[in-house]
Amino acid sequence: MDGIVNVYKEKGWTSFDVTKKLRGILGEKKVGHTGTLDPMAEGVLVVCAGQATKLVNAITGTDKTYVADMLLGVTTDTEDITGTVLSQRPLALSDSLYTPDQDANADRTGAAKEVQYVCLTEKQGEKKEIVISEDAIREAVASFIGEYDQVPPMYSAKKIDGHKLYDLARQGKTVERKPCHVRIEDIRILDISFPGASEAKASLKNDDVNQEILNADLALRYPHVTIEVTCSKGTYIRTLISDIGKKLGCGACMAALKRTRVGSFKVEESHTIADLQALKDEDKLVTAVRPAIYIPEDTVATFGKFDGGHLGHQLIFENVKRIARETGRKTAVLTFSGNPQNLVLHENRPTISTEQEHISRLRNQGFDYVFSYPVTRETMQVPAEDFLRGVLIEAMHARDIVVGTDCSFGYKAQGNADMLRSLQEKYGYIAHVITKRVVQDEEGHDREISSTYIKEEIAKGNVKRAGELLGRYFTLSGAVQHGKHIGSGVLHFPTANIFPSAGKTIPKEGVYVTRVLVDEKLYKGMTNVGTNPTTGEDNPVSIETYILGYEGDLYGKKIRVEFLDRIRDQQKFPTLSALHAQLERDMQYVKKYCIPDVTS
């Protein structure tokens, strides 16, 4: 199963344990996570499976948020409480509740009052008393907001000269590590806990200081500080805590860690391994697996089937690119891997382009991001607003959404342009609804340019009109296969035979003027679409092209046949000689036809 899973990694599990377990649950060998969490840590571990593994780097590079418990006065070799203790500097409640700069002879009534702790540290052989207060902690923590150079810990998976640092550390080796530039977006102090200080704080509320409480409260203690950190890729929270402890002078190590967010993946939406196994047992696993779609930056996005990429679609694409230029955002297109009607109606409705042609053409349009949304019975059950929030807003970071007036999405196509307009403020995007292009049909009636209209024209054999609506020639592609060799052996018109892809729209049976791409060269072509009734009954539909001016063996080569105009209907001739005579006339018509950029 392809997709992205927001896993809640529990304490005691390694990140490798999680991916190994998920291989079995998802039935997918190709699985990778987007950033290691140590066994002692818990929280969000984003895991990509199948095609989604291509998104690992994009998700890994996003900002992350952690809640960590900082233990003051203790340092270890791993910078967390799982390591060997290197130093202990117990903190004791200060014998003074007054700020150090307060005049001893001044009136203490109403003076600035604060619980303070002290620890002893030795520097250059001299013992020194360090005052640790809440203000000092807040100041030290705040000083790390912004960019700074952080030295990776020895106990980490980072490699130096091909060796993981934790392997070297376990061998008792310490190597020089170059600082890494990291960014701390924000640090919030959630709690400062000085054990045994509650009575002291209570006494500060009285004008008469209760010195007896203070004297009794000189026991050794290790304060805890709970912080919430939002940071860039590559930031080690335990090293950040160690650095804060160094700045305070008392030392510190990490006592607990929970990752609460990775990009748009939040802890509230995560699933434990047990949860995922239960969902699999209930055949509801798809509800926990996001499609293989993720963009780490704000975009101008559009979505739709876009079958054929016709001039109506081009109008939407032009607006996407215009808005992106004006806003400085990236462009993103979400298309669909299948036709919902095929599932609903249990029939294979033809398309103008195969899925491979479609995706390739979109990528050649110059968009920054192109993704395909899987159309399955499960994804068709997703409510419209959930699709908007989960896919367009959270996965694609859409800040502008550009659609046509007939857009539809979500369960039973309940989402539409009106819904997109109504939810703009709630989700913080701007909806741009583009009026469809209108042209006149052969009878002079107004018709909106649509894939349905173009398929009608192709089915009638009106490939020239279809090309005008597409803004390019309608094409069929395939590898050249062996036929009955009647064209080369009997009629002396050797043809390159290809068979249409399943579900691909093909023109009405007949003979067409075509342009053929072979080995990056363009040639004039004469193409027959049909069953060759002159040579036999019940023949399958084939695409046979006589390529003017080409010499060589084409078998096995992939060619592209572009349809320019229709010459005539398919006919059954009384003899092969009559067929040959007609082919000669058809070829003369093709030779005179003006076709751009062909090899003469």
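The values are calculated or read from the model by the stated rules, or taken from the named source; none is laboratory data. These figures come from a predicted structure and were not determined experimentally. Note that each Cβ is placed from the backbone with ideal geometry, even for glycine, and that neighbours are counted across all protein chains shown. Ligands, DNA and RNA are stripped out before the accessible areas are found, and what is left, the full protein with its side chains, is counted by its heavy atoms. Shrake-Rupley method; radii C 1.70, N 1.55, O 1.52, S 1.80 Å.
Okay, here's what the table says:
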read-out	value
Check on LYS572, assigned to a loop (DSSP other than H, G, I, E, B) and open to solvent by 40 Å² or more (accessible area, probe 1.4 Å)	yes
Within the range 113-155, tally of residues that are modelled with pLDDT of 80 or more, hydroxyl-bearing (Ser, Thr, Tyr) and assigned to a strand (DSSP E or B)	2
2 or more residues open to solvent by 60 Å² or more (accessible area, probe 1.4 Å): qualifying strands (runs of 3 or more DSSP E) within the range 439-528	446-448
Extreme residue, nearest to CYS253 (Cα to Cα), among residues of the range 156-172 that are in contact with a helix residue (DSSP H, G or I) (Cβ under 9 Å, 6 or more places away or on another chain) and either exposed (fewer than 13 other Cβ atoms within 10 Å of the Cβ) or modelled with pLDDT of 80 or more (or both)	ALA157
Residues within the range 418-437 that are more than 22 Å from THR505 (Cβ to Cβ) and open to solvent by less than 80 Å² (accessible area, probe 1.4 Å), tallied	11
Among (1) aliphatic (A, V, I, L, M); (2) more than 30 Å from GLY83 (Cα to Cα); (3) surrounded by fewer than 19 Cβ atoms within 10 Å (Cβ to Cβ) - the single one ALA256 does not satisfy	(2)
2 or more residues modelled with pLDDT of 95 or more and hydroxyl-bearing (Ser, Thr, Tyr): qualifying strands (runs of 3 or more DSSP E) within the range 1-83	64-72
Of all residues making up the range 366-383, the number that are assigned to a loop (DSSP other than H, G, I, E, B) and either hydroxyl-bearing (Ser, Thr, Tyr) or buried (at least 16 other Cβ atoms within 10 Å of the Cβ) (or both)	5
Selected residue (only one of LEU388, LEU334, LEU315, LEU362 is in contact (Cβ under 8 Å) with a residue 24 or more places away in the chain, within 25 Å of GLY428 (Cβ to Cβ) and in a helix (DSSP H, G or I))	LEU388
Residues of the range 545-569 that turn out to be of a type in the set (Lys, Arg) and either free of Cβ contacts under 8 Å to residues at least 12 places away in the same chain or part of a helix (DSSP H, G or I) (or both), as a count	0
Residue, nearest to PRO296 (Cα to Cα), within the range 384-417, restricted to residues that are open to solvent by 20 Å² or more (accessible area, probe 1.4 Å) and of a type in the set (D, E, K, R)	GLU394
Condition check for GLU562: acidic (Asp, Glu) and buried (at least 19 other Cβ atoms within 10 Å of the Cβ)	yes
